[in-house]
Amino acid sequence: MPNGLFVGRFQPFHLGHLVAIKFALRHVEELAIVIVSAQKSHELRNPFTAGERIQMIKCSLNADDEVDLKKIVLIPVADVGVHSLWTYHIDIFVPSYQVVFTNDIFTCLLFKERGKKVVQPKLHQRKELSATEIRSRIAKGGDWKTLVTPQTVKIVEDIHGIERIKSIFAMYSDTND
């Protein structure tokens with residue numbers, strides 16, 4: 001079986017990510033989960049640090065009986081700022097792989113241009129299971145906890161992530177008035 005790469009920002013880690021990772025694990029020997037934009041945090045699209053995201057992913061996967069953590073490696077990778085070099089930059093940090101799992105159109109394009117096999121896992125409840133939607137719900141005091149794992153909920157609460165996201169959203173709306 002091949003080795004695979006699963007690329008995402010995981011801002012935050014949610015149930016759609018979990019379903020996609022389980023799909024990928026059925027098709028690979030080992031899966032490198034790459035946490036991209038690792039240098040970014042405390043921003044509208046990137047409120048959580050790489051360490052916080054790693055914790056969300058690791059705790060969530062560890063709590064799931066269907067996931068074999070021995071087949072997974074978590075690797076944070078900072079952005080390089082040059083799109084044509086980005087996939088090569090990732091290669092410096094990850095074990096060898098033969099297949100990339102992603103649903104991000106731009107990520108698909110960049111890996112396909114290099115001749116890499118790209119698999120797009122079926123999106124699970126995409127309208128609700130979107131990190132953008134989840135961050136928006138958190139900012140507005142809406143129902144978000146049903147869209148993420150219990151482990152993600154605990155970590156977000158422990159790091160005062162709700163307050164962080166509300167503050168970031170408030171700063172953003174203040175600058176756009």
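Close Cβ contacts (under 9 Å, 6 or more residues apart or on different chains) running from residues in region 100-123 that are without any contact (Cβ under 8 Å) to a residue 60 or more places away in the chain and closer than 15 Å to HIS17 by Cβ to residues that are open to solvent by less than 60 Å² (accessible area, probe 1.4 Å) and β-branched (Val, Ile, Thr) comprise GLN120/THR102. Scanning region 104-118 for residues that are over 11 Å from THR87 (Cβ atoms) and among the charged types (D, E, K, R) returns ASP104, LYS117. Checking every residue in region 153-176 against the condition of being closer than 17 Å to ARG53 by Cα and in contact with a His (Cβ under 9 Å, 6 or more places away or on another chain) gives at least one match.
Just one of the listed residues (ARG53, ARG45, ARG26) is of a type in the set (D, E, K, R), open to solvent by 80 Å² or more (accessible area, probe 1.4 Å) and closer than 30 Å to HIS160 by Cα, and it is ARG45. VAL73 meets the conditions (1) aliphatic (A, V, I, L, M); (2) farther than 15 Å from HIS17 by Cβ; (3) in contact (Cβ under 8 Å) with a residue 60 or more places away in the chain in every case but one. The failed one is (3).
Name every residue in region 20-71 that is assigned to a helix (DSSP H, G or I), closer than 17 Å to VAL153 by Cα and of a type outside the set (S, T, N, Q), in order of residue number. Don't jump to the end; show me each part of the working.
Our first condition is that a residue be assigned to a helix (DSSP H, G or I); within region 20-71, this holds for 20-25, 50-62, 69-71.
Of the ones still in play, those that are also closer than 17 Å to VAL153 by Cα are 50-62.
Once the filter is applied, which keeps residues that are assigned to a helix (DSSP H, G or I), closer than 17 Å to VAL153 by Cα and of a type outside the set (S, T, N, Q), region 20-71 yields ALA50, GLY51, GLU52, ARG53, ILE54, MET56, ILE57, LYS58, CYS59, LEU61.
A count restricted to region 76-91 and to residues that are open to solvent by 30 Å² or more (accessible area, probe 1.4 Å) and either of a type in the set (Lys, Arg) or in contact (Cβ under 8 Å) with a residue 40 or more places away in the chain (or both) stands at 3.
The values are calculated or read from the model by the stated rules, or taken from the named source; none is laboratory data. Since we're looking at a predicted model, the values are computed, not measured. Cβ sites come from the backbone with ideal geometry, for glycine too, and all protein chains shown count toward neighbours. Note: areas computed on protein heavy atoms with side chains; ligands, DNA, RNA excluded. Shrake-Rupley method; radii C 1.70, N 1.55, O 1.52, S 1.80 Å.
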